[in-house]
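Data first, discussion second: the structure below is written as structure tokens.
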Amino acid sequence: MGVTIIPEIIRESLNNLVKNGERSDDRSFDDYRDIYLETGVISKAEGSARVKIGKTQIMVGAKPQIGEPFSDTPNVGVLMTNSELIPMASPDFEPGPPDERSVELARVTDRCMREAGVVDLEKLCIIEGKKVWMIFLDLHIIDYDGNLMDAAVLGSMAALMDAKIPEAKVEDDEVVIDPEKKVSLPIKEKALMCTFAKIGGELIVDPSLEEEQVMDARISIGMRADGSICAMQKGGMQPLNKDEILKAVERTGEITKKLMEHLPQNNQ
Amino acid sequence: MITIITNKILGKNSTSSKRADGRASDELRPFKIEAGVLERADGSAYLELGGNKVIVAVYGPRELHIRRLMQPDRAVLRCRYNMAPFSVDDRKRPGPDRRSVEISKITSEALMPAVFLEKFPRSTIDVFIEVLEAEGGTRCAGITAASVALADAGVPMRDLVVACAAGKSEGEVVLDLSEVEDKDGEADVPVAIMPRTGEVTLLQSDGNLTPEEFGKALNLAIEGCMKLSEAQKEAIIKRYGD
């Protein structure tokens with residue numbers, strides 16, 4: 001992971017803008033950049049999505065595999081999230097094993113989807129204790145212009161809603177897959193994530209790369225359609241106070257409601 | 001040096017508790033903190049909280065050999081959170097996994113605001129957190145111990161960061177989840193603060209909470225932090241006098 005040095009003059013000007021209630025791209029504090037979402041973009045993947053928030057771009061693929069369940073949850077399918085910050089996406093990303101930023105991204109996304117109960121994993125059980133569907137979500141970051149978290153969760157949600165997996169039947173204790181018959185994943189809940197950056201003493205939604213580079217702190221809040229909090233992660237080198245956190249939670253309610261409109265309508 | 005306490009004296013304060021170990025909803029597990037337990041490290045600390053046993057070593061500020069990590073205007077603070085293979089029921093494969101990489105990252109972010117990094121440009125402060133035994137809430141235990149180890153190393157700091165989790169178990173918002181409560185519980189909210197200002201330096205939430213429950217959990221965790229903060233100070237006073 002390389003270190004980008006930010007000129008003081010840019011730091012100061014971005015801070016001053018926010019203090020005056022403005023942002024460098026004329027957005028209000030609660031505005032996202034333009035969001036573009038397309039599903040079914042990879043035909044070899046059972047579910048896929050391409051998501052853009054501003055110039056940040058992520059490809060998400062969902063692929064199923066039949067595997068063994070974890071021994072402590074024998075009748076529950078598995079959802080696994082991986083992310084790769086590939087060198088193509090930014091001069092700061094380097095080849096090699098996932099660094100801590102990409103691990104954090106994958107794990108926060110994973111927690112958000114899992115804790116919200118997005119996929120009804122019990123329905124992914126084929127033979128209890130032996131065979132379950134494992135859904136692998138792979139996040140491929142191809143253009144990094146800030147706010148990967150929200151894009152990752154939005155893309156993952158869309159890819160899961162898009163996914164059609166073959167029907168699996170049990171005949172004589174053997175799993176038989178019918179590739180002709182495709183069924184949608186059992187989607188139970190919808191959840192999205194909303195990230196704030198603290199700049200100039202204010203919390204602004206959907207930080208751009210420039211804003212991320214000068215931010216003091218970051219807070220990402222995952223929320224379900226019913227308004228309950230399913231994940232949260234603070235980041236950045238400076239602290240947040242309690243009021244800031246509670247205000248962010250409050251604002252997230254309205255913002256995620258709007259964000260939900262970008263998801264494809266129920267595919268069931 | 002290290003003496004190991006056992007965890008069998010819980011629940012003396014309440015008889016009507018619904019928690020598995022009989023604690024009140026705002027009661028911490030028994031804990032102790034000791035500063036300066038290692039010979040070679042510049043600073044060290046040992047912490048027990050319930051069944052958790054965590055040891056932390058601090059090296060530095062010292063020369064940073066990896067040029068690309070070097071910061072021209074301040075020190076970098078690197079953390080390595082690691083679980084011993086014998087620290088959990090099923091042997092953990094040695095070496096970093098995704099969980100420990102993430103915890104290392106957020107731990108260093110939790111400690112950074114308190115340290116005067118700008119006093120040591122181009123150098124590094126290394127914090128090594130070893131979990132010897134895990135019983136729920138190790139990341140918070142690691143942060144609480146790391147602050148004491150940093151102070152023991154003489155690293156100049158604004159405050160002693162302290163961490164504690166709250167969460168929801170069996171429908172109730174409770175402080176300091178134990179291993180069982182964490183596994184079977186509905187939500188876990190680890191929080192680290194700088195107690196002098198109350199500012200939050202680490203915050204995660206895992207599980208489902210309504211905004212009201214979250215607010216309650218946050219308050220409870222901060223209360224727990226304040227109690228642990230006293231023990232941190234005592235540990236340093238015990239080692240160095242007033």
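The values are calculated or read from the model by the stated rules, or taken from the named source; none is laboratory data. It should be emphasised that the depicted structure is a prediction, and the values quoted were computed from it without experimental measurement. With ideal geometry, Cβ positions are generated from the backbone for all residues, glycine too; neighbour counts draw on all protein chains shown.
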Check your understanding: Among the residues of the range B:208-228, is any small (G, A, S), buried (at least 18 other Cβ atoms within 10 Å of the Cβ) and within 13 Å of the chain's Cα centre (by Cα)?
Key -> yes
In the range A:88-134, residues that are in a helix (DSSP H, G or I) and either more than 14 Å from chain B (Cβ to nearest Cβ) or more than 20 Å from the chain's Cα centre (by Cα) (or both) total 6
Residue pairs qualifying under the 7 Å Cβ cut-off, at least six apart or on distinct chains, with the first in the range A:144-160 being surrounded by fewer than 24 Cβ atoms within 10 Å (Cβ to Cβ) and the second being of a type in the set (K, R), are A:D145/A:K55
**Q.** A:S90 vs. criteria more than 26 Å from A:D173 (Cα to Cα), surrounded by fewer than 20 Cβ atoms within 10 Å (Cβ to Cβ), touching a Phe, Trp or Tyr at 6+ places or on another chain (Cβ under 7 Å) and polar (S, T, N, Q)
**A.** yes
B:D242 passes all but one of the listed conditions (1) within 18 Å of B:C140 (Cα to Cα); (2) in a loop (DSSP other than H, G, I, E, B); (3) not hydroxyl-bearing (S, T, Y); the exception is number (1)
Counted residues in the range B:45-80 being charged (D, E, K, R), out of contact with any strand residue (DSSP E or B) (no Cβ under 7 Å at 6 or more places or on another chain) and more than 12 Å from chain A (Cβ to nearest Cβ) come to 0
Here, strands (runs of 3 or more DSSP E) confined to the range A:166-268 with at least 2 residues that are within 14 Å of chain B (Cβ to nearest Cβ) are A:191-199, A:217-224, A:229-235
Residues of the range B:133-156 being under 15 Å from B:R99 (Cβ atoms) and surrounded by fewer than 22 Cβ atoms within 10 Å (Cβ to Cβ), in sequence order, are B:A134
Residue count, the range A:138-165, condition under 19 Å from A:L124 (Cα atoms) and not in a helix (DSSP H, G or I), comes to 4
Screening B:D159, B:D182, B:D176 for residues that are surrounded by fewer than 21 Cβ atoms within 10 Å (Cβ to Cβ), touching a strand residue (DSSP E or B) at 6+ places or on another chain (Cβ under 7 Å) and at pLDDT 95 or above leaves only B:D159
When the range B:16-60 is checked residue by residue, the ones that are modelled with pLDDT of 95 or more, surrounded by fewer than 20 Cβ atoms within 10 Å (Cβ to Cβ) and in a strand (DSSP E or B) are B:F31, B:K32
For strands (runs of 3 or more DSSP E) lying entirely in the range B:115-176, having 2 or more residues that are of a type in the set (A, V, I, L, M, F, W, C) and under 22 Å from B:E234 (Cβ atoms) picks out B:123-133, B:162-169
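Residue-by-condition table, conditions (1) touching a His at 6+ places or on another chain (Cβ under 6 Å); (2) more than 14 Å from every other protein chain (Cβ to nearest Cβ); (3) assigned to a helix (DSSP H, G or I); (4) among the acidic types (D, E):
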residue	(1), (2), (3), (4)
B:E181	no, yes, yes, yes
B:P190	no, no, no, no
B:I193	no, no, no, no
B:L220	no, no, yes, no
B:E234	no, yes, yes, yes
B:I237	no, yes, yes, no
> Quick one: is B:M112 within 13 Å of chain A (Cβ to nearest Cβ) and of a type in the set (A, V, I, L, M)?
Replying inline: yes
task: Please tell me if B:R91 is of a type outside the set (S, T, N, Q), surrounded by fewer than 17 Cβ atoms within 10 Å (Cβ to Cβ) and either in contact with a His (Cβ under 8 Å, 6 or more places away or on another chain) or over 30 Å from B:A20 (Cα atoms) (or both).
output: no
